[in-house]
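What follows is calculated from the coordinates using simple rules that are stated; it is not laboratory data. Computed from a predicted model, the values in this text were never measured in an experiment. Counting neighbours? That spans all protein chains shown, and the Cβs are built from the backbone with ideal geometry, glycine included.
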Amino acid sequence: MGSMAGCFRRWDLRATAKKYVLALMSDLPRKNCWTIAEHAGDATPGKMQHLLERAKWDTMAAMAAVRGFVCERLDDGDAVAILDESGQCKKGTATIGVKRQYVGCAGRVENAINVVYCSFATVAGHALVGARPYLPAEWARDAERRQAAGVPDELEFSTKPELGRQILADLHAEGRLPGWVTGDEVYGRDPRLRAWLESPEVSTAYVLGISTSTRIALTPGKPTDPGLIHLTVTEVKRLVNLATRAWHSLEHHLHWHTWRRRHQARARWFHQRTRLTRR
């Protein structure tokens with residue numbers, strides 16, 4: 001907790017935050033402000049509720065401190081950054097970002113919130129190094145609702161892939177971005193995230209899922225060298241027959257043998273290209 005001391009303006013908030021983190025790491029069967037306050041030895045849950053709801057502290061700086069702690073202890077040179085979102089079902093409508101949306105924890109559309117996370121994974125273990133709450137577009141446009149919920153003015157609508165990119169950008173700025181990034185099709189279908197990872201400034205390898213309906217743009221024109229198809233039974237028979245029956249020179253027949261194999265390879269290439277383009 002020493003590296004997070006500068007995230008809090010007052011010492012009492014630092015003390016409460018320390019108790020909160022220790023309770024989160026404990027074996028409490030259920031963790032909320034009431035159970036955490038009891039575990040911390042407080043008489044009421046007021047201090048914990050104040051820390052999470054009204055107290056002013058630098059959440060991004062605290063996240064950076066956690067990120068540094070994790071990377072320094074887990075990075076073995078072969079780490080992977082994993083992007084994924086996680087949801088939490090809610091009953092009311094006051095929680096920031098809540099709406100009817102798909103959440104993986106329920107496996108269906110529910111009244112819930114979503115948060116994009118990044119996990120730093122190595123052979124030694126894995127831990128979260130970044131998070132961004134997902135603010136739906138209707139929330140971002142509703143000034144009255146934003147004010148009532150306390151949404152910061154600078155927080156705007158961003159897609160989940162963009163939120164993931166922001167977390168990766170923090171890692172990159174600190175020199176901690178792993179050599180590989182992975183995620184499901186929510187992130188793989190965004191060309192801007194892929195372009196950012198491929199940019200010369202970042203140049204990070206990635207494995208991102210895409211849906212079966214994703215269109216793939218292929219380079220137009222003929223292949224420079226389609227190669228030859230493998231020998232077919234028919235071609236082998238033709239070559240054997242040349243030993244007893246040849247209407248022209250051997251060189252002439254071998255020319256046609258190569259031409260047929262190259263033409264068939266080219267025809268297959270065009271066929272596969274057409275199938276992919278029509279999907």
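General observations
- Between residue 34 and residue 78, the modelled label-to-label distance comes to 4.8 nm, taking each label 7 Å out from Cα in the direction of the beta carbon.
- Karplus-derived 3J(HN,Hα), 6.51/-1.76/1.60, for each residue of the range 150-160, Hz, glycine and proline x: x, 6, x, 4, 7, 7, 10, 5, 9, 5, 4
- Local electrostatic count at residue 230 - Lys and Arg +1, Asp and Glu -1, tallied over other residues with Cβ under 13 Å: +3
- For q = 0.12, 0.14, 0.15, 0.20 Å⁻¹, Debye-computed log10 I/I(0) when each Cα of the range 51-171 counts as one equal scatterer: -0.51, -0.68, -0.77, -1.20
- In Å, descending, principal axis extents of the Cα set of the chain: 104, 42, 37
- Where labels lie 7 Å past Cα in the beta-carbon direction, separation of residue 214 and residue 236 in nm: 4.0 nm
- CD proxy at 222 nm, helix term only [per DSSP H run n ≥ 4: -39500 (n - 2.57); per residue of the chain; nearest 500]: -13500 deg cm²/dmol
- Its alpha carbons considered, the range 104-181 gives a radius of gyration followed by a Dmax of 15.2, 47 Å.
- For the pair residue 264 and residue 111, label points projected 7 Å from Cα toward Cβ lie 6.5 nm apart.
- Zone of residue 144's modelled label, taken as backbone nitrogen in the range 95-134 under 19 Å from a point 7 Å along Cα→Cβ: 95-99
- Residues of type aspartates and glutamates that residue 47 reaches as a straight line, Cα spacing below 13 Å, ignoring anything fewer than 8 places off in the same chain: 12, 38
- Distances between placed amide hydrogens fall under 5 Å for residue 206 paired with 181, all partners being 5 or more residues away or on another chain.
- The charge dipole of the chain, taken about its Cα centre with unit charges on the Cβ atoms of Lys, Arg (+1), Asp and Glu (-1) only, comes to about 1440 debye.
- Beta-bridge orientation, the range 99-252: approximately 75 percent antiparallel, per DSSP, counting only bridges with both partners inside.
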